[in-house]
Every structure is written in C-alpha cells, then in structure tokens.
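The values are calculated or read from the model by the stated rules, or taken from the named source; none is laboratory data. Source: prediction; values computed, not measured. Cβ placement follows ideal geometry from the backbone for every residue including glycine, while neighbour counts extend to all protein chains displayed. We work out accessible area using only protein heavy atoms, side chains counted, and drop any ligands, DNA or RNA first. Shrake-Rupley method; radii C 1.70, N 1.55, O 1.52, S 1.80 Å.
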Amino acid sequence: MNRVRLFRICVWGVVIVLAGFLLVSTQLSEQQAPAEASTGTARVGGPFSLTSHEGERLDNRSLAGRPYLVFFGFTHCPEICPTTLFELTDLMSELGADADKFEVLFITVDSERDTQELLASYMTSFDSRITALRGSSEETETALKAFSAYAKKVPLEGGQYTMDHTTGVYLIKGDGSFGGILDMHEPRETRLQKLRRLVSS
Amino acid sequence: MSCFNKVAIALGLASITILSSSAASAHDFSAGDIRIGHPWSRIAPAAAPVMGAYLTLTNAGPEADTLVGGSTPLAERIEIHQMSIEGGVARMRSLPDGIEIAPGASVDLAPGGAHLMFIKPARPFAEGDRIEATLEFARAGSVRVEFVVQRNAAKEPDRADDHGGHTP
Ligand SMILES: [Cu+2]
C-alpha cells in the first residue's frame, strides 16, 4: 500500500514539474511572438549609400534580393563592437557556406577617426565576408535614419571623444523588409536559428 | 522519494560544473587591504585603437579606498570609464574620480559596466597574452598586476570548440 502511495506521489510530482515547464515555455513563446510581429512593421531598411573598407561604393539597391545583417559601431569602442564582430565571425564559420547567402555590414558612426585605411586593417581580424562601411557625415546620418538607429558624439576627459550608439544587429530579409534583431546575449543556438531562417527568407 | 534525490544530485552536479569552469583560470593580486581578482582583457582586433580591461576589486580593510588610475608599457595610457546600455543604446563616460571600494565591499569591473580602457595598445592582444600593468589606489598605493588576454568573458564557461575560422 505504502509503495503504491509513494509511486503516486512521484508520478504527480513529475506531472506538476512537466506542467510547469509547459506553462513557462508557452509564456516565453507568447512573449516573443508579438515582439517579432511588431518589429516587422518598424521603419528599418531605407535607402543608404556608403563606401566599403576596400573602397567600393555600396548602397541598398546593390543589396536588393539579398538578405543582410547591419550594425553600427566604431573602432574606438572598447567592448561591444569588437565582441560583436568576433561573435559574428564565429557564427559565420559555424554556418559555413550558408553564410555566403547573406551580407554582413558594419557601419562606422565615427568616420572622422575610422579612415578607410584603419577599417581595412581592423577588418583583417574578422571573417573576410564582413564589410565595414563609412561615409561623409551626411551619408552616415542617412544610413542611421534608414535603420532608425542612433549615434551621437560625446566629449571625454582630455579632449578625446566617444560615440553613443545603437548596439543591435539588424536582420534584413531578401525582400528588404526588417527581420528582427540579433542579440549577442541570447543563446548561440537561437542566433544560429535566426540566421538560418534569414537565409531561407 | 528517490525521484527527488535524483533531481537534487543532478542540480548539484550542474552547479559544481559551472563553478569549476569559472574558477579554472582565476588569478589574484593584492595591495594592502585591496584584493584585485582576475584582471583580464579580450583579444583585440588588428589596429584596435582602444581595448577594455576588467577585474574585481575587494576591500578587506576598515576604510574606503579608490582606484584612481593605472599605467602599462603596452599602451599609451589607461583610463577609467563607465559603460551603460539603455534602450539598445551604448554609452561610455569617463570616471575622473576613479572607482571607490567601500570597506568590506566588492566592485566588479565587467563588460557592459565600469572598465579600464587601454588607449592605443602597442600591439593587438592575442589570446593567452599577459599584459603587465600598474594600478594606483588612493590608500593602498601602486600594485603590479597582469591582465590575462582571453577570448570570452571571465564568468562565461570556456568554449572548447569553435576557436578556429579567423584570419588574424
Ligand atoms: Cu571605455
């Protein structure tokens, strides 16, 4: 009799734990769903025209029909920009040939210090399929507007300055529509899934 | 109740694995009552004009102390900064008064928060490099430390795989 009761308690325990998991996982997916739906209508992916670290002009029309990733940063960035570039390099090497099916654009918000020469040398540390882009201050401003991104020059002590800037990696689908944000803090598997989904979009 | 025991053992094992992987490469320095835990910096891209550096400061003494600066032969200078990310926007500001460590307190300089910044590193930092530096405290004075250069943040478990694929 006692053993039967013990068995029942164990079974109920398992049932409760499983129910808990189901509840949490459905809530999580409900939280994610509206976020994606709403980002789909955000104003991201407008016209821009910039120069690559290899000196080639590149604009939104030359990317037509091709999915791409774009993020804003600068080389005088101590942490987020290099880490994002190293992480993207890792993800791309894991995706292998699938990573040939999208472009990755790193747009500097600091064209004053980020010369084409500095960018060309900086980019040798990352996957060679990643393109750094720079423009005049008007061109940079237009690119920021195209992705509803933000950047601002801020003075530091001792005459130096830094750039406040949007950190997210924007995903743009093959049809030019916004496909969400790649967050470097979310699990690696989630990021790989997002990129695979982008390739098949 | 053996089903509960198994869960408890599994959780225990998981936490031991996490603890041991973060402690694996720790190194410490001290100056007076100040302990400097695991100074580290990330691998740097070629020609990187700046690089963040991180550590944990613990004050075992009865009085507050302040990290006021530092220097290294491997960079033009070291600055103390505060980073914040709000609404998807990253901001960095100088901390000209340094970082105070209250008696008995511990302060983390970590990615996304307060950090030291190496200005104009002499060369790109490669994984496994040890960067000699001197830190200055208002009370404890100067102390020599070594920043270990690693690929991932100090508290993340090391990824054994997937270190290839780069063109340095
Ligand atoms: Cu900084």
**Test: A:Val154 is more than 16 Å from the ligand (Cβ to nearest atom) and in a strand (DSSP E or B)** = no
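So, A:Thr83, is that one outside any loop (DSSP other than H, G, I, E, B), open to solvent by 20 Å² or more (accessible area, probe 1.4 Å) and within 16 Å of the ligand (Cβ to nearest atom) or not?
Details: outside any loop (DSSP other than H, G, I, E, B): yes; open to solvent by 20 Å² or more (accessible area, probe 1.4 Å): yes; within 16 Å of the ligand (Cβ to nearest atom): yes.
For A:Thr83, the condition - outside any loop (DSSP other than H, G, I, E, B), open to solvent by 20 Å² or more (accessible area, probe 1.4 Å) and within 16 Å of the ligand (Cβ to nearest atom) - is met.
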**Message:** Go through the stretch B:45-59 and report how many residues are more than 7 Å from every other protein chain (Cβ to nearest Cβ) and either within 13 Å of B:Leu135 (Cα to Cα) or within 16 Å of the ligand (Cβ to nearest atom) (or both).
**Reply:** 5
**Prompt:** What strands (runs of 3 or more DSSP E) completely inside the stretch B:65-168 contain at least 2 residues that are closer than 29 Å to A:Ser93 by Cα, at pLDDT 95 or above and open to solvent by 20 Å² or more (accessible area, probe 1.4 Å)?
**Reply:** none
**Asked** Any idea how many residues of the stretch A:133-164 are open to solvent by less than 80 Å² (accessible area, probe 1.4 Å) and among the basic types (Lys, Arg)?
**Response** 1
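Evaluate the following for A:Arg57: is it more than 9 Å from every other protein chain (Cβ to nearest Cβ), surrounded by 22 or more Cβ atoms within 10 Å (Cβ to Cβ), away from the ligand (no atom under 16 Å from the Cβ) and more than 15 Å from the chain's Cα centre (by Cα)?
Details: more than 9 Å from every other protein chain (Cβ to nearest Cβ): yes; surrounded by 22 or more Cβ atoms within 10 Å (Cβ to Cβ): no; away from the ligand (no atom under 16 Å from the Cβ): yes; more than 15 Å from the chain's Cα centre (by Cα): yes.
Answer is no for this residue.
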**Item:** Residue, farthest from the ligand (Cβ to nearest atom), within the stretch B:87-107, restricted to residues that are within 20 Å of A:Glu79 (Cβ to Cβ) and more than 14 Å from chain A (Cβ to nearest Cβ)
**Value:** B:Val107
**Item:** Among (1) open to solvent by less than 30 Å² (accessible area, probe 1.4 Å); (2) of a type in the set (Lys, Arg); (3) closer than 13 Å to A:Val70 by Cα, the one test that A:Lys173 misses
**Value:** (1)
**Prompt:** Condition test on A:Gly179, is it within 16 Å of the ligand (Cβ to nearest atom) and more than 11 Å from every other protein chain (Cβ to nearest Cβ)?
**Reply:** no
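Let's see how each residue does on (1) in a loop (DSSP other than H, G, I, E, B); (2) aromatic (Phe, Trp, Tyr); (3) modelled with pLDDT under 95; (4) farther than 18 Å from A:Met184 by Cβ:
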site: A:Pro47; (1), (2), (3), (4): yes, no, yes, yes
site: A:Glu54; (1), (2), (3), (4): yes, no, no, yes
site: A:Leu69; (1), (2), (3), (4): no, no, no, no
site: A:Pro78; (1), (2), (3), (4): yes, no, yes, no
site: A:Leu88; (1), (2), (3), (4): no, no, no, no
site: A:Ser93; (1), (2), (3), (4): no, no, no, no
site: A:Ala99; (1), (2), (3), (4): no, no, no, no
site: A:Asp110; (1), (2), (3), (4): yes, no, no, yes
**Message:** Of all residues being open to solvent by less than 20 Å² (accessible area, probe 1.4 Å) and farther than 18 Å from A:Lys194 by Cα in the stretch A:86-115, which is farthest from the other protein chains (Cβ to nearest Cβ)? Just the residue, please.
**Reply:** A:Ile107
